[in-house]
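The values are calculated or read from the model by the stated rules, or taken from the named source; none is laboratory data. Here the structure is a predicted model, which means the values were calculated and not measured. Cβ coordinates were reconstructed from backbone atoms using ideal geometry, including for glycine residues, and neighbour counts include every protein chain displayed. Protein only, heavy atoms only, side chains kept; ligands, DNA and RNA dropped before computing areas. Shrake-Rupley method; radii C 1.70, N 1.55, O 1.52, S 1.80 Å.
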Amino acid sequence: LASISRLLKFCSEEMLSYNWNIIIADNGSTDETYNIGKQIESDLKNVNVIKLSKKGRGRALKKAWKNSEATIKVYMDIDLSTDLKYLPIICDHVYSKKYDVAIGSRLMKGSKVEGRTLKREIISRGYSLMFRCLFWVPFKDAQCGFKAISSETGDTLLPLIDDNGWFFDTELLILANKLGYKIKEVPVYWVDDPNSSVNVISTAWNDIKGLTRLRFGGIEKAKKQMKSN
């Protein structure tokens, strides 16, 4: 509730040039997220809630973005780890049509990260080095939960993405790069959530499997599928 209230206040004051709508995607939570979201939805016309029985960031984003008629689609983690002052910045990059995708980055020069453990930092930077060496992509931080995409780009890329979990972000960006879409990476201020339930080791292993799939046939499969559509 606190995060939604904070986001609503920010959008009402700082996103005046946009007609915005907030979608709360509840996928597999066991707390009161959905009930609280429905209460907010009943009070405010620009807040909607969707519920998915299965977990997975990719699964939630696919459904939320497909259900949205917005010309720019954004997502952020519910804990608002990224400073909201960067929200209009990534939206403007896409709205200008200079870029098809704009992403927050915790690994660029100029970014600032607080509260991150050494273990997470090493894994994050090691993963960044791995996918950049494998695919020669320019972006550094694929997993930051703060991204904006044009509706046209999303409509093309979403059907090509196989992953429904945490690897969704990486797959989205690698395919976008290899299919010729322009990506803008923005350094952000990020505060790590000490209560995060993400299993770092399990997530890292799934990421490695996803990179292997893309490296050995996944990208070519996406290109063929795109041509046939």
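Structure notes:
- When the test is whether a residue is under 21 Å from G56 (Cβ atoms), open to solvent by less than 60 Å² (accessible area, probe 1.4 Å) and not in a helix (DSSP H, G or I), D207 does not pass it.
- Residue within region 139-151 that is over 16 Å from the mean Cα position of the chain (by Cα), modelled with pLDDT of 95 or more and closer than 16 Å to I183 by Cβ present: no
- When region 170-204 is filtered for residues that are within 15 Å of A142 (Cα to Cα), open to solvent by 70 Å² or more (accessible area, probe 1.4 Å) and of a type in the set (A, V, I, L, M), nothing remains.
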